[in-house]
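The values are calculated or read from the model by the stated rules, or taken from the named source; none is laboratory data. All of these numbers come straight from a predicted model, not from anything done at the bench. Positions of Cβ are backbone-derived with ideal geometry, glycine not excepted, and every protein chain shown enters the neighbour counts.
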Amino acid sequence: MQVKCFDQPAELDLYAAQLFASALKEKPESTLGLATGSTPIGIYEKMIEMYENGDLSFKYATTFNLDEYVGLSPDHEQSYARFMNRHLFDHVDLPAGKAHLPKGMVSDLEAECANYDRMLQEQPVDIQLLGLGHNGHIGFNEPDEELQGGTHIVELEHATREANARFFSSIDDVPTQAITMGVGSILKAESILLVVKGADKAEIVKQALQGPITTECPASLLQTHKNVTVLVDREAGRLL
Ligand code: F6R
């Protein structure tokens, strides 16, 4: 596991965007695993800049997002589908139909999970971008006695709903369930880029990288992967 610490968040964002650009230059038809949340927004901004300067193209790429809320349609303001359009897809040359997110508003959620896993198996992720939850979650894999390997439905922890309530009018509007790639699927990626920013994540990133490998901190399972790069800003990395 390689850990890189940056003084300025903007330097971190540029470095991460350049890693994706290099991956796409080397293999234009790469499959990219993408995340939502506050952490990747700056990275997506840098990717858009690079695309506009002709330094990055998604023309032959395929993307899979980690997760989506259950019960929100793709055009709901706070759906992750809308988030991805707003922050990346609407601004770059990724062909329509090549961006995949789990569908959170289908009648048969179990079939959707199986379908997502089948697509991931057919197009394995080359490089997976991850943020880190305050409780150690990756995707929406919350701490638990057991973790599931494949795509599945999760009950969101109150703390996670609280953390995400800032995007909704009130916590009552935050969905209680999500559909997420499992830790097993995440660990199948060829390479993983974990990005962590802010003083409030200093404790959990230390636990994830240097603490015991335990399902009670899902991100700690990343210690078992052979090709993980962790990018932290100074505040998040201060205990490492
Ligand atoms: C989002 C996701 C989550 C976030 C995590 C951190 O697709 O999978 O695991 O990465 O909750 O969120 P932020 O970046 O908002 O702190």
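Couple of notes before you dig in:
- Top-ranked residue of the range 159-193 - restricted to ones that are assigned to a strand (DSSP E or B) and within 10 Å of the ligand (Cβ to nearest atom), ranked as farthest from H137 (Cα to Cα): A178
- The set of residues in the range 169-192 that are surrounded by 15 or more Cβ atoms within 10 Å (Cβ to Cβ) and touching a helix residue (DSSP H, G or I) at 6+ places or on another chain (Cβ under 6 Å) comprises V174, V183, S185.
- Within the range 115-139, tally of residues that are closer than 15 Å to H100 by Cβ, polar (S, T, N, Q) and within 16 Å of the ligand (Cβ to nearest atom): 1
- Pairs linking a residue in the range 100-125 that is surrounded by fewer than 18 Cβ atoms within 10 Å (Cβ to Cβ) and assigned to a helix (DSSP H, G or I) to a residue that is at pLDDT 95 or above and of a type in the set (G, A, S), with Cβ atoms under 7 Å and 6 or more positions apart or on different chains, do not occur.
- Long-range neighbours under 9 Å by Cβ, at least six apart or interchain, first residue in contact (Cβ under 8 Å) with a residue 40 or more places away in the chain and acidic (D, E) within the range 132-155, second near the ligand (Cβ under 8 Å from one of its atoms) and in a loop (DSSP other than H, G, I, E, B): E142/G133
- Residues satisfying the criterion are absent from the range 32-50 (criterion: farther than 17 Å from V195 by Cα, within 16 Å of the ligand (Cβ to nearest atom) and of a type in the set (K, R)).
- Among the residues listed as I48, I43, the single one being over 21 Å from Q123 (Cβ atoms), surrounded by fewer than 20 Cβ atoms within 10 Å (Cβ to Cβ) and touching a helix residue (DSSP H, G or I) at 6+ places or on another chain (Cβ under 7 Å): I48
- Residue match in the range 51-64 (condition: away from the ligand (no atom under 13 Å from the Cβ), touching a helix residue (DSSP H, G or I) at 6+ places or on another chain (Cβ under 8 Å) and within 24 Å of S220 (Cα to Cα)): no
- Residue in the range 12-25 that is touching a helix residue (DSSP H, G or I) at 6+ places or on another chain (Cβ under 9 Å), within 13 Å of the ligand (Cβ to nearest atom) and under 20 Å from E190 (Cα atoms) present: yes
- Inter-residue pairs, beta-carbon under 6 Å, first in a helix (DSSP H, G or I) and in the range 196-213, second of a type in the set (D, E), 6+ apart: A199/E235
- Checking each residue in the range 11-40 for being closer than 27 Å to T160 by Cβ and surrounded by fewer than 14 Cβ atoms within 10 Å (Cβ to Cβ) picks out only S38.
- Residue in the range 140-155 that is away from the ligand (no atom under 13 Å from the Cβ), among the polar types (S, T, N, Q), touching a strand residue (DSSP E or B) at 6+ places or on another chain (Cβ under 7 Å) and closer than 18 Å to A35 by Cα present: no
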